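Here's the structure, in structure tokens; my notes come after.
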Amino acid sequence: MPTEPETDYDPSLGNKFIFVTGGVMSGLGKGITAASTGRLLANAGFDVTAVKVDPYLNVDAGTMNPFQHGEVYVLKDGGEVDLDLGNYERFLDIDMTFDHNVTTGKTYQHVIDKERAGDYLGKTVQIIPHVTDDIKRRIREAAEGHDVCIVEVGGTVGDIEGMPFLEALRQFAHEEDEGDFLLTHVTLVPYSKNGEQKTKPTQHSVKELRSIGLQPDILVGRCENELDASTKEKIALFCDVPTDAVFSNADVADIYHVPLMVEEEGLDEYVMDRLDLAEDAIPKADRDNEWRKLVTQDTHGEVDIALVGKYDLEDAYLSVNEALKHAGLEKNVDVNVLWVDSEKMDDDHEERLREADGIVVPGGFGSRGTEGKIEAVRYARENGVPYLGLCLGFQLAVVEFARNVLGLEGAHSAELDPDTPHPVIDLLPEQYDLEDLGGTMRLGAHETTIEAGTLAERVYGGTSCTERHRHRYEVNPEYFDAFEGTDLVFSGESGNRMEILELDGHPYFFGTQFHPEFRSRPTRASPPFVGLLDAVLDGETDDSAAAREEVEA
């Protein structure tokens, strides 16, 4: 885990801050609202960063169940964080650090450590000022060097665990100069049975905010369709904001359209006026329209990609889904993701596998659904279906080949089957001596050397790449000789660690020990995902289609 900063914040740091809170219910889209605001400010020429505040007691998101909380997103410095930071990186095209995620656990741990060390000189350590000061310090340090810092406060206003953060926010507003602070509140605007947009949930949410000393500057209504003019006027009247400070965030087919939608309503111009940024902004006619052109371009055809996993929840594989979408943007095709439950593998899911143009087995932990994933790997290998294996998907490709080609019966990962006779995936020798297995996790960005003349070199366009990792087990060096001279080639290495594999004679069989999806952006698609779509779109897939028809027959 990255180390804690030891310096206290400097209250004279000059930044603009936009705080984003949410009311009524969780999952409204605060993160997308925040990221969209940042995207528009970046288009106007400003250097924008973001901070996500998570009021849970976990120090980081590393041990959270993806089914409950969505994927664990990994930053370049190894920070395991909330998936919203992935949205910020994708929308803003920036690399963030662990300092950009503030949790209750991280803050309390730091304050208690300081108390144990005697740093408070005998004072009674309290939520106010010690915890709130630490929260404010973290936000200001993350914002340093940037024009604008957008801070999303997770959870819902009124939740007991979020109160220290909202109090810190209240103090923040009091301490900042006028024109340097803006509070955006996102609420739900539902429809009644007769089709009327209802403002009462928003009114109650703002009342809750005001009861703790916070008055929103901007209100964003999450709604099925755009807010009616009368609805905006009613919200403005009862929530004490100007009518032109009420904006819609209506449902859209693709989250990358949200910046365009709120731009049409004038959110960016209003924000820049309130933060005294308008005079420094790039004139609207001269702004970079790459984002708009990219996400509104016409597509030519579509492809079906089977995503084989154990969590029937899109957020559990959010970055993989987004990386597929980014590759589709680059190749001008729509990517339809077909969910294949690796634990069930019933007729319906097997049919989806056979219908798919390509197959992805993503990362994961635990043995549940493993055999179904191995069968998906086997199907792709034997039938020439383009395949991309990520982390666990890379490891299971090694396991499948060891079992079904090398004849190593019972071969497996020692992580998933400690009693396997052939641990082709195992802890490296130097890791066995470590008492704390958490210390063996390989996290963050690491460089991989790529062998010249391989598919990996063609995919990455060079003989090295730097990608983010999140794993503990590796290809076992004791079995390197067993794979030598076979069609399975390890074409990327980092020391004695095997990082990339490929299969000679296959249209596209590519595995990475790392997670390339974490560096994929709408404007900069991940090379392994683009390579997958290239193989699907190439004439090479004719053979795999014929093979699938033969299997079905």
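One table, with the values for the structure above:
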{"item": "Segment Asp159-Lys284, length gained on full extension (0.36 nm per residue, minus Cα span)", "result": "41.0 nm"}
{"item": "Distance (nanometres) between label positions extended 7 Å along Cα→Cβ at Ala250 and His204", "result": "2.6 nm"}
{"item": "Potential lengthening between Glu196 and Ala414 on full extension [0.36 nm per residue; Cα-Cα distance subtracted]", "result": "72.7 nm"}
{"item": "³J(HN,Hα), Karplus 6.51/-1.76/1.60, whole Hz, each residue of the range 231-236, x for Gly, Pro", "result": "5, 4, 5, 5, 4, 4"}
{"item": "Length-normalised contact order of the chain in % [C-alpha pairs under 8 Å, at least 6 apart]", "result": "14 percent"}
{"item": "Under DSSP loop assignment and at most 11 Cβ neighbours within 10 Å, longest GluC sites (Glu not before Pro)-free interval of the chain", "result": "225-408"}
{"item": "Violating pairs (Cα-Cα greater than 28 angstrom) within the set Lys136/Lys293; Lys52/Lys325; Lys136/Lys325", "result": "Lys136/Lys293; Lys136/Lys325"}
{"item": "Kirkwood-type radius of the range 12-101, with distances r between different C-alpha atoms, in Å", "result": "14.0 Å"}
{"item": "Point-to-point label distance, Thr243-Asp312, nm (Cα→Cβ direction, 7 Å offset)", "result": "4.8 nm"}
{"item": "Table column - 3J(HN,Hα) (Hz), the range 172-180, Karplus curve with 6.51, -1.76, 1.60, x for Gly and Pro", "result": "4, 4, 6, 7, 7, 5, 4, x, 10"}
{"item": "Overall dimensions of the range 302-552 by Cα: Rg and Dmax, Å", "result": "16.9, 52"}
{"item": "Mean separation of Cα contacts under 8 Å (6+ apart) over length of the range 302-552, as relative contact order %", "result": "23 percent"}
{"item": "Sparsely packed chymotrypsin sites (Phe, Trp or Tyr not before Pro) within the range 75-166, loop by DSSP, other Cβ within 10 Å at most 16", "result": "Tyr120"}
{"item": "Beta bridges per DSSP with both ends in the chain, % antiparallel, nearest 5", "result": "35 percent"}
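A short reminder: the numbers here are calculations on the coordinates, not readings from a lab. A quick note: this is a predicted structure, and the numbers were derived from the prediction, not measured. Cβ sites come from the backbone with ideal geometry, for glycine too, and all protein chains shown count toward neighbours.
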